[in-house]
Every structure is written in C-alpha cells, then in structure tokens.
Amino acid sequence: MLMSPLSPERTTTMNRFSSAVPDNEYLADSNVLFYLSDAVSQLLEHKEEYTHVGVIRYFAEYFSSVKNSNHVLFREYSYVTATPHNRASFIRVFWRCYRQIGKSGELLSMLEYRSLLQLLCPDFPLKPVQSAARIVLMDDATDYLMSFSDFLFAFQLQFYYKEFLDSVLEIYQDLLAGKNPNTVIVPTSTEQLPWWLQRRAAGSSSRTGHPPRSCMRGVLEQTNRISYYSFLLSLAKHEAINQAIGALPNKSEFLIDPEMDQELDKLIAQISVSPGSNSSGSAVGGLKEMLQRKASPRRNIHHRRRIEGESDGSTEETDSSEN
C-alpha cells in the first residue's frame, strides 16, 4: 500500500530518522518524490507567476498545502487519485464543502453529486460516482435520490479503495461464472476469507491498499451468504473504515465543522448585502473564492483572473456546470 508522508500509520511504522529503514525505501513509501516532482513541474510551468514569490517561499507554501490537505483543490483527476493522502484529502474537502447539504437533509441524484465533485475537480469522471451510487442503491437503478451521508461514506470507500474493490468484483464475477475451478481455492471459514480476498486482490494491483482484515471479517461473520454490493455497503457503514482512512470525523459528528461554518456565514452575509448581483453566480463564485484561499499555491495565482470574473456576476461557467 502506498502510504502518505503525513499518514499516522506510516509514522508509527517507518521513521525517516531510523537507520534501519533504507533511504530509497522511505522515499518510495512516503511519496515525497512524487510531491517534489509535482512541485517542480508546477513551478516550471508557471514560473512567471512565481517570480515575485521566490522559490523557497513557493516550496514552503506547496508542502504546507499538502500537509493541510488543501493541495487537491481544482487539480486534475490523475493528481487527486495519485496517492492515498491525495485521496483522503479530496474526500475531506468534499465533505467540508458540501456538509450543509447533509444538514439540510436534501436528497440529490448521482449526476448532481458528480456536478458537485466537478466543481472541485473539473475532469472528475462519471464511473466512480456511478460505483458509489450502486453501493448505496444496491446495484439498482442509479437515478434515485440519495442523502448526503449515504453517498459520502459509499464514495469514501469506493474512491479510496478503488483498485481493491475492482479486483474483488473480478473475483466475484469469476466465481459466479465458474472460471478456473481448478485454481480458485475457496476458503472454508470467514476467518480465512478476508485474507484470501486481500491476497487475490493484491495480486491484481500493487498500487492499492485494502480495508482492515478485522473489518472485512466482522462483516462476513454476520451472514453465510453475501452479494458484492451488500459486502461493500456493510464496509461503507463500518466505523473501522472511517478510522482507517482518517479523512472524516465520526458519523455522529460529521455534520459539525465550526471553522467552515464561520466561512459560510461570512459568505452568506456578503451575498445578502450585495445589491443587484445574481444570487446563483455570486454563491458559486463566492464558494470558489473561499475554497481558493485554502488551495495550493499554484491554483491561488493560476485561477485568480477567472475567479474574479465569476465574482463580478458572470454566470457563464455556473450555467455550464449545472447542465
């Protein structure tokens, strides 16, 4: 499993000051080189924008944004999914930005959730959103409405453990189709099954992690027969998954975020006193401006002109995002 340099699990198992850990192994497992390479690439691509900032300050701001999980805002999908830390950061950003939907109790469709995701990641694809919806709806038609909490925790599981879940689906499909009956060894107890699923799925991808074995074992011990989407739904609701990923608070507290509440109150106050402004355009522009203040240093400068244009009352991008 690729670990984040900021992951608590990694800090307990791999200390960069430990002489027992080879330098190459630490660099590979911590993804430091990935972030350093991206920082250099962004600096070279937008060097004119950072001339007055200074290289040292740029790198300090870049890695500070990585540490604070704001670096994934408005980045491309390939970057957002590149490391476990990026995935966890994006899940947290999604929760913080749209938590008010959960507080209001509003139900949204799959396509509406995708539109929200695309405000944070413009090229966010449809497939992972469909997969998350199928977990909530148990593989039924994906055009039903879903609550924010149901979608959020299903999305967290699907988005973070995507490669593992894809491999498990292939295993389910192969077993149902009776493929390779001489090579597939079906375990005889639920004690062995999590290990077997983990081993089979891990052989399909070296870039993915997997849910805790104890969590999978707990789900499987509850029944003698379980479908693929029932298995995923149970995992999505399991608090151990939430704790293992570390992106969201406990389910009893996931609607609470005082810092973001203060930001939203300021935004609403600004909209209320803005005469003659288009409410939809102002809301979306204000949301993006608020998020931009927490974004990576690259995006703070790179998107400033476009965001200022939206704040002036233009609804061109707002209209296209809603279609």
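The values are calculated or read from the model by the stated rules, or taken from the named source; none is laboratory data. Because the structure is a prediction, the values reported are computed rather than measured. Cβ: placed from backbone, ideal geometry, glycine included. Neighbour counts: every protein chain shown. Side chains are part of the model used for accessible areas, which takes the heavy atoms of the whole protein and leaves out ligands, DNA and RNA. Shrake-Rupley method; radii C 1.70, N 1.55, O 1.52, S 1.80 Å.
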Is it true that Ser131 is open to solvent by less than 40 Å² (accessible area, probe 1.4 Å) and modelled with pLDDT under 90?
no
Segment 99-111, subset out of contact with any helix residue (DSSP H, G or I) (no Cβ under 6 Å at 6 or more places or on another chain) and over 19 Å from Leu255 (Cβ atoms), residue surrounded by the most Cβ atoms within 10 Å (Cβ to Cβ)
Ser109
Can you find a residue in segment 21-35 that is free of Cβ contacts under 8 Å to residues at least 24 places away in the same chain, surrounded by fewer than 16 Cβ atoms within 10 Å (Cβ to Cβ) and closer than 30 Å to Leu255 by Cβ?
no
Please find, within segment 40-66, the residue that is least open to solvent (accessible area, probe 1.4 Å) out of those that are outside any helix (DSSP H, G or I) and under 24 Å from Ser89 (Cβ atoms).
His46
Pairs, please: C-beta under 7 Å, at least 6 apart or cross-chain, first residue part of a loop (DSSP other than H, G, I, E, B) and in segment 238-250, second open to solvent by less than 20 Å² (accessible area, probe 1.4 Å) and of a type in the set (Gly, Ala, Ser)?
Gly246/Ala88; Ala247/Ala88
Scan (1) modelled with pLDDT under 85; (2) crowded, with 18+ Cβ neighbours inside 10 Å for the single condition Ile226 breaks and write down its number.
(2)
Is it the case that some residue within segment 72-79 is at pLDDT below 80, on the phi < 0 side of the Ramachandran plot and part of a loop (DSSP other than H, G, I, E, B)?
no
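Report whether or not Ala269 is more than 29 Å from Asn68 (Cβ to Cβ), among the small types (Gly, Ala, Ser), more than 25 Å from the chain's Cα centre (by Cα) and at pLDDT 65 or above.
Answer is no for this residue.
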Can you tell me which residue in segment 1-20 is modelled with the lowest pLDDT, limited to those that are surrounded by fewer than 13 Cβ atoms within 10 Å (Cβ to Cβ) and among the β-branched types (Val, Ile, Thr)?
Thr12
Taking segment 110-160 and keeping only residues that are out of contact with any Gly (no Cβ under 8 Å at 6 or more places or on another chain), under 14 Å from Lys237 (Cα atoms), touching a residue at least 60 places away in the same chain (Cβ under 8 Å) and assigned to a helix (DSSP H, G or I), one is left with Ile135, Val136, Phe153, Ala154, Phe155, Gln156, Leu157, Gln158
